[in-house]
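Structure, as structure tokens:
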Amino acid sequence: MEIDKAIRESDDRRLKTKYNNAIYVIQRALALYSIEEVAFSFNGGKDSTVLLHLLRAGYFLHQAEQTQCNGDLSDREFKFPIRTIYFESSSAFPEINSFTYETASTYGLQLDILRQDFKSGLEALLKAKPIRAIFLGVRIGDPTAVGQEQFSPSSPGWPPFMRVNPILDWSYRDVWAFLLTCKVRYCSLYDQGYTSIGSIHDTVPNALLGVNNSDNSKEKFRPAYLLPDGRLERAGRAKKCSPPVSGCFSSVSNGLKSVDLHKNGMLKALVIAVGDEILFGSIADQLGPSLCRKLCSIGWTVSQIAVVRNDVDSVAEEVERRKSENDMVFIYGGVGPLHSDVTVAGVAKAFGVRVAPDEEFEEYLRHLISDKCTGDRNEMAQLPEGITELLHHEKLPVPLVETAQPLSKLGLDFPDLSIGCYRESRYGSLVISFRGKDEARIEAAAEALRKKFHPGAFNEIN
């Protein structure tokens, strides 16, 4: 199979991991449902094009495993039997329609063409066919992805079927890495600067890919795979909003109250510090007072400074309780790779979203700490789903990756102890603290920690 061969021969470890995970989901679905009970929703876009070829590879490997064939099956005639659903629309780009029908012909797709809206079309199709699961090219960051897992039942009010999302955790860069590595055809619009394709009424080329023309000729755009920041793939999609009296401001605030810069009065902020060390009195909160002075100097008023424990529920409850009362919430502490760094998860829980990989930040971490940042999910690169911008991440200190894993393991071995980790200052010494009722257990934990590091790793032990 040419897709599987291309991935196996690739040097891209991340892509291989993403591919293997997606293939596992596909094979799991094919084990749960018969081939007559599954379908594939194809719309001609880049994500569904990736999913098509993953399904081809997944079904091929599934069949090889079922027949226990150890030889190379690449020369055998291979037919793709999964029913393919295409919703044809009068507002679709002609290039999308052309690409869809050419792809169907090339790969022998059993195309079910529906000309109704998505919900009505599915209701009619599921009444006529025994479909129980539908493969979708949904990715985290898509408007419909919030709350979905790799296997998610359809929403209330919709016909019952299982949504199967093999590429849910893929990023924009993962999608293009796959398409370019496997050298498969994709819709020609992506070579014209389109990065996310909707209808002809709400989609234009992404301005971030524009090429300056000195001769005032027709504006040109670079291909979609050259977009430097994948989080901005939807920048070419028109935003719908009702125009207020003074114009329309479109921004994503992750659930925080939108800030109206024209209202009367001072803007109000809440400051939340996360850290057991502050509550224990081990260290003083130095950032809080500094942040308050800065906010007041630019005309803001701080309603409160709150300090909460290193606990997901404590963070979530504080953010949930205060977010509607303030124009902005500032939260710091507990952000990192250590077992006690729970702030990101707490914020995500407060807004009812999951934590999702941020590809730009992960790329930065990989560059910064190279081989220490292995695997496809670095904990430091997980951010609340739907976040729109990460500011000044190039100024962050190197994460304490080498310390994180031993401390996490130690926490599992000594669940009766509170194990803290903090710096005396931003670039100061790392302090690891143990708290518990049993002095012998504390000594045992400290000794276990010493054994996890080379001699001389600790400057001082109290």
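Could you tell me which residue of segment 282-313 is nearest to G334 (Cα to Cα), considering only residues that are among the aliphatic types (A, V, I, L, M) and free of Cβ contacts under 8 Å to residues at least 12 places away in the same chain? The qualifying residue nearest to G334 (Cα to Cα) is A284. In this structure, L168 does not qualify as of a type in the set (A, V, I, L, M), assigned to a helix (DSSP H, G or I) and at negative phi. Taking every residue in segment 395-419 that is open to solvent by less than 40 Å² (accessible area, probe 1.4 Å) and at pLDDT below 65 and pairing it with any residue that is of a type in the set (D, E, K, R) and assigned to a helix (DSSP H, G or I), at least 6 positions away or on another chain, the pairs with Cβ-Cβ distances below 7 Å are V401/K372. Which one of S258, S246 is of a type in the set (S, T, N, Q), at pLDDT below 85, more than 33 Å from the chain's Cα centre (by Cα) and open to solvent by 50 Å² or more (accessible area, probe 1.4 Å)? Criteria check complete, one pass: S246.
Among the residues making up segment 88-120, those that are open to solvent by 40 Å² or more (accessible area, probe 1.4 Å) and touching a helix residue (DSSP H, G or I) at 6+ places or on another chain (Cβ under 8 Å) are E88, E95, Y107, L111, R115, Q116. Return yes or no: is Y186 at pLDDT 95 or above and either among the charged types (D, E, K, R) or not in a helix (DSSP H, G or I) (or both)? So Y186 passes the test. For beta carbons closer than 7 Å, sequence separation of 6+ or different chains, a first residue in segment 120-144 that is in a loop (DSSP other than H, G, I, E, B) and a second that is among the aliphatic types (A, V, I, L, M) and open to solvent by 30 Å² or more (accessible area, probe 1.4 Å), the qualifying pairs are R132/M162. The one condition from (1) free of Cβ contacts under 8 Å to residues at least 60 places away in the same chain; (2) of a type in the set (G, A, S); (3) under 18 Å from R237 (Cβ atoms); (4) surrounded by fewer than 18 Cβ atoms within 10 Å (Cβ to Cβ) that G193 does not meet is (4).
The values are calculated or read from the model by the stated rules, or taken from the named source; none is laboratory data. These numbers were taken from a predicted model, which means no experiment stands behind them. Every residue, glycine as well, gets a Cβ built from its backbone with ideal geometry; the counts of neighbours run over all protein chains shown. We work out accessible area using only protein heavy atoms, side chains counted, and drop any ligands, DNA or RNA first. Shrake-Rupley method; radii C 1.70, N 1.55, O 1.52, S 1.80 Å.
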